[in-house]
Structure formats: structure tokens, C-alpha cells
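Worksheet for the structure shown next.
What follows is calculated from the coordinates using simple rules that are stated; it is not laboratory data. None of the values given here were measured: they were computed from a predicted structure. Cβ coordinates were reconstructed from backbone atoms using ideal geometry, including for glycine residues, and neighbour counts include every protein chain displayed.
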């Protein structure tokens, strides 16, 4: 009986040591934010340990994400009889491509019995804003429907039959550069020594070099702020 307890204690100690001695975490995640729909984007994250001996561990924080950004005046209109929807007045999709670097510091370390690791994050970097034209299906009578970039002078709710294909106009995209900065908390939820399941909750501010033309009939801006939530799945090494 005592031998079994010793083996169990040794295994527990080994797991604790393995968990404390990891050097990096690679994770992939799905994100949502207050400027997007339910699925806001995809994210890849790398955390590299700086000092393993410090009580508050520190990490290099490397992050890469592709996120959709909507205008706050976007409203989906459903076409009667077809069920197809479109956003009246929308001229472009905006996709933000964000490589980020920063620091992550452990604020609260979970106990040996389990619990949460809570880390604080400050990061930022350049933004590549990708503007892709928004196409609508325009009805010309006698069953003729054409896909065209939305034009407020030509297109009205009376002649729009729905939105065009999501990938349509990808080759016509233009780039608007910018910068971004975020502050966040990362809650590590995993209970396994080599896996990583975590939730990142934070606030992001982003500025572009000019006003980003998303909507034709509303005021556009070059500064965006948002709250976001990302769930990550990955592993420790």
C-alpha cells in the first residue's frame, strides 16, 4: 500500500516538474469581437519562456491573426421570396491581418491541485488592412441577374436580389496600412501537463493611415476599437 502511494506521489511530482519546465506554447484559436460576427477570425500564437526561475514567469508573445472588421451601421436585409440577404450600402469587406509582438507575464499561478493560470498581455504591431469589394446581385428583368460592386447611384433595395459570392472581387482588393495595440488577460484552462486550452479576453485599438471605406452611405473612420474573446488549443514543449 505504501509502495503504491510512493509511486502515485512520484507520478504527481513528475507531472508537476514537467509542467513547470516547459519552454514554449504553440496554440491556434478562433476569435470573435465586437466589430465582427460570431466568428471573427483565426489566430496562431507562440509563447516563449524568458525566465523560468522568476516567481512571475515572463514570455515573449508572438501572435498572428486574420480578422474581419465590420462597420457599426451594417444591417442585413433579407430579400423576400428568396431568403437571400445582403447589406445595403456596403462597398467593401475589411480584413485586418495583424502580426503582433509583446510580453506576457504570469499574474496568478495555479496550485498543484489545479485551478487557473492567469497571464497579463501587452502586444502590438502593424496592421495590413485588406479591402475587398462587396458585390451584390442586381436584377435587370426577364430573369437576368448580374453581380456588380455596390453603387448607391445605381442600386436600390428594389433591384438588388442578394449578395454576390464571398470570394468574388478578391483579385480587386486594395491594401490600407495601419497599426494596432492590445491589452488582454489569458486564462489557462487546461488540466493536462502537455496540453494547453486557454481563453484570451482583451481590448484592441487600431488606426489606419486613412479612412477605411466600408459603407457608402455612412461616415467611415480610420480608428477602430473592439473587445474580443479568443479560445486557443495547443501544446507545451
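Structure notes:
- For segment 61-188, diffusion coefficient by Stokes-Einstein and Kirkwood Rh (Cα), 20 °C, 1.002 mPa s, µm²/s: 120 µm²/s
- The residues 59, 28, when put in order of fewest to most other Cβ atoms within 10 Å, stand as 28, 59.
- Percentage relative contact order, segment 159-237, counting C-alpha pairs under 8 Å, at least six apart: 29 percent
- Rounded to the nearest 0.05, the FRET efficiency derived from the C-beta distance between residue 30 and residue 220 at R0 = 30 Å is 0.60.
- Ranked list, fewest to most other Cβ atoms within 10 Å of each Cβ, for 57, 221: 221, 57
- Virtual spin-label span in nm between residue 146 and residue 74, 7 Å along Cα→Cβ: 2.6 nm
- Under the criterion of Cα pairs below 8 Å and six or more residues apart, the relative contact order for segment 48-162 equals 24 percent.
- The residue 64 and residue 167 beta-carbon pair, evaluated with R₀ = 22 Å, returns a calculated FRET efficiency of approximately 0.50.
- Exposure proxy order (Cβ contacts within 10 Å, fewest to most) of 176, 136: 176, 136
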